[in-house]
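Before any comments, here is the structure.
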Number of protein chains: 2
Amino acid sequence: MAKKDTKKSKAAKGAKTPASKQRRRADLRGLLRIPGEEPVDLSSYDAADTPASPADKIDALADTIQMGERLGELQERLFAASTAGDRRRLLLVLQGMDTSGKGGTVKHVIGQFNPSGCRIMAFKSPTAKELKHSFLWRIKKALPLPGEIGIFDRSHYEDVLIARVRELVPLDAVERRYEKINRFERSLADDGVTVVKVFLHISAEEQRNRLLERLDNPDKHWKFSPTDIEERRLWPAYMRAYELAMERCSTDAAPWYLVPADRKWYRNWAISKLLLEHLQAMGPQYPKGDFDVEECRRRLLEEP
Amino acid sequence: MAKKDTKKSKAAKGAKTPASKQRRRADLRGLLRIPGEEPVDLSSYDAADTPASPADKIDALADTIQMGERLGELQERLFAASTAGDRRRLLLVLQGMDTSGKGGTVKHVIGQFNPSGCRIMAFKSPTAKELKHSFLWRIKKALPLPGEIGIFDRSHYEDVLIARVRELVPLDAVERRYEKINRFERSLADDGVTVVKVFLHISAEEQRNRLLERLDNPDKHWKFSPTDIEERRLWPAYMRAYELAMERCSTDAAPWYLVPADRKWYRNWAISKLLLEHLQAMGPQYPKGDFDVEECRRRLLEEP
């Protein structure tokens, strides 16, 4: 995706063709993908940026709704195909700092799908039982089945993020996990899982605003904890951990996408578009029936 | 709910006040509830009926969308309350013949909730493993957690429906299940689960039309199976099994509601309203924060 210093060269700015056409043309996967095995410098990405977006918020909201219909159709095809043996599915992995919008993405983007085909898991701190197993154990149990859209709100990446920042395990153990993750995600891809990993990039300033909003509204106090303030002191360490995770684990089998998330409308639009592009590339097809349509019709009509 | 022969006395007909007001006033739970321990005669219920509905389809669609917003708010409150120890949750049980709209209800009604708080389970024929356990074993594993909305697309009632009609187990074993179900549902209610059981009532004629529609559209062939036609021959036996299930298992702890389902717009409206009434009666509240709001605000603002 475009970095701060190349802002002016972006497709959405200085446009010669209408924004709507450019938007449809742009492949957001290419724009937002983090190249693997290269150092990542998060400070070079503007969290308020809106790469390849529609002209304004109103257009983006309308476009998101339009994409929602298409997403629902493709999801139905994916599910239908699974009833005929197609093992493919999609797994959206959402990561980001507190208030970055993981929950909002599930509500507004995943809310556009048929809920019966979605398998959503919000990962919390591991339980005592989970800690007795490999860090991937609980992840494997939550994977989408063929035909489903899986959504991870946090994931196995916490085991190289908070685990690294808070030193929950020795550093050499953390270091070994990146390669384990890559092998695991490679095996998912081999098994028909399209893995879409999204880092919701918000600025520390925007997080402060969102935390203050929660304090201002008593109906949102349940979402707030004073530890949220303490975690902010570790912001640079978290950013470094995210940089390493994306540098080491953005692979062809399971690339990382960086979605600027200071603007909620852009976040919802961009993730909808990323999902749409991936589902279109999968191209799921309705299976053909293996029965005699005319005979079935006749039997139904001939009934008493 | 109103029966065929009392149609004219219904609230929605012969109205003296505007339909919209009547609709809000009417308690749909009372209208649609099947009284337990009384014989049920399904032939006396018109599947195309629209008890207490808005004036027309357009009004009903608009009202359903409005209720959707309210449902989302109440769901958030329910979930928020669970973070402070409230164990309550809601379980919607959907039963009905093929094409009666169980899947459509999940898509259109449950689709109005935040998907992250929904736990949906579509029960198929039991697996070999499931058959080794009590018929309630797999049901108990799929229950909603505190704060969640659970949805069963088919349920433990299959074990007194198809099990009875197809004689999958001896009749005396089926007979013992009704009381087991009542005890189980009583225990759910005691544990904070509001159980809402809905029978989607369609006519055999409407089912025929819906099956023909599936045949007419190749994109819907995956939903069709020739066995659907054979099952229709058992229609009277299924109706009898439903009558018995509702007569014996419509209890105060977990009542049955009969929703006429020949009209999809009415089905979606009525189930939305039933859910709304139940959630409003539960009256979940946002928990109060147990931290010093002013101090947190000050700390956030004082940060570098």
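By the rule of a C-alpha distance below 13 Å, with chain neighbours fewer than 8 residues away ignored, the aspartates and glutamates paired with residue B:107 are A:69, A:73, A:76, B:153. Summary for residue A:294: label point 7 Å along Cα→Cβ; distances to the equivalent points in the other copies, ascending, 8.4 nm. To the nearest 10 degrees, how steeply does helix A:204-216 sit against the main Cα axis of chain A, on a 0 to 90 scale? It is inclined by approximately 80 degrees. Summarise the partner chain shielding of A:221-231 as one whole number: the mean count of Cβ atoms from other chains within 10 Å of each residue's Cβ. Mean shielding count: 5.
Taking the 1.4 Å solvent-accessible surface of chain B as the whole, the part contributed by carbon and sulfur is 50%.
Per-residue packing, averaged as other Cβ atoms within 10 Å, sorts the ranges B:110-118, A:161-169 into the order B:110-118, A:161-169, beginning with the highest. With each run of n ≥ 4 DSSP H residues scored as -39500 (n - 2.57), what mean residue ellipticity at 222 nm is computed for chain B after dividing by its residue count and rounding to the nearest 500 deg cm²/dmol? The helix-only estimate for chain B comes to -14000 deg cm²/dmol at 222 nm.
Of the cross-linked pairs B:124/B:264; A:124/B:180; A:197/B:273; A:57/A:220; A:132/B:129; A:197/B:264, which ones have a Cα-Cα span greater than 31 Å in the structure shown? Distance filter (> 31 Å) returns A:124/B:180; A:197/B:273; A:197/B:264. Please go through the range B:23-94 and write out the GluC sites (Glu not before Pro) that DSSP classes as loop and that have at most 12 other C-beta atoms within 10 Å. Taking the range B:23-94 and a limit of 12 other Cβ atoms within 10 Å, the loop GluC sites (Glu not before Pro) found are B:37. Looking at the protein assembly as shown, the accessible area is 46 square angstrom per residue; that uses a 1.4 Å probe and ignores ligands, DNA and RNA. Full extension of the chain between residue A:216 and residue A:299 yields a length gain of 23.4 nm, computed as 0.36 nm times the residue separation minus the alpha carbon distance. Below 8 Å between Cα atoms, with a sequence gap of 6+, how large is the relative contact order for chain B in percent? Worked out over chain B, it gives 31 percent.
Label points for residue B:134 are taken 7 Å from Cα along Cα→Cβ. From this copy to the others they lie 3.6 nm apart, shortest first.
The other copies place their residue B:172 label points at 6.8 nm from this one, listed shortest first, where each point is 7 Å from Cα along Cα→Cβ.
Packing-based ranking of A:49-62, B:123-136, B:141-154, A:254-267 yields A:254-267, B:141-154, A:49-62, B:123-136, ordered from highest to lowest mean Cβ neighbour count within 10 Å. Peptide A:106-118 shows a mean partner chain C-beta count of 6 within 10 Å per residue C-beta. The listed peptides A:233-239, A:85-91, ordered by packing as a protection proxy, come out as A:85-91, A:233-239 (highest mean of other Cβ atoms within 10 Å first). The mean number of partner chain beta-carbon atoms within 10 angstrom of a residue's beta-carbon across peptide B:211-217 is 3. Placing +1 on the Cβ of every Lys and Arg and -1 on the Cβ of every Asp and Glu, with no other charges, gives the protein assembly as shown a dipole of roughly 380 debye about its Cα centre.
When only alpha carbons are used to place a centre, the range A:231-246 and the range B:210-282 end up 51 Å from one another. Anisotropy class assigned to the protein assembly as shown is prolate, per the alpha carbon gyration tensor with a/c at or over the 1.5 cut-off and a/b larger than b/c.
When the Cα positions of B:215, B:225, B:74 are compared along the charge dipole of the range B:27-283, B:225 comes out farthest toward the positive end, with charges on each C-beta of Lys, Arg, Asp and Glu.
Only residues of the range A:186-219 count here: report those whose backbone N is under 20 Å from the spot 7 Å along Cα→Cβ of residue A:122, or say none. Label zone hits: A:198-202, A:207-208, A:210-219. As a calculated quantity, the FRET efficiency between residue B:204 and residue B:70 at R0 = 45 Å, using C-beta atoms, amounts to about 0.80. Magnitude of the charge dipole for the range A:96-210, about its Cα centre and with charges confined to Cβ atoms of Lys, Arg (+1) and Asp, Glu (-1), is about 320 debye.
The values are calculated or read from the model by the stated rules, or taken from the named source; none is laboratory data. Here the structure is a predicted model, which is why all the values come from computation and not from measurement. Cβ sites come from the backbone with ideal geometry, for glycine too, and all protein chains shown count toward neighbours. With ligands, DNA and RNA removed, areas are computed over all heavy atoms of the protein, side chains included. Shrake-Rupley method; radii C 1.70, N 1.55, O 1.52, S 1.80 Å.
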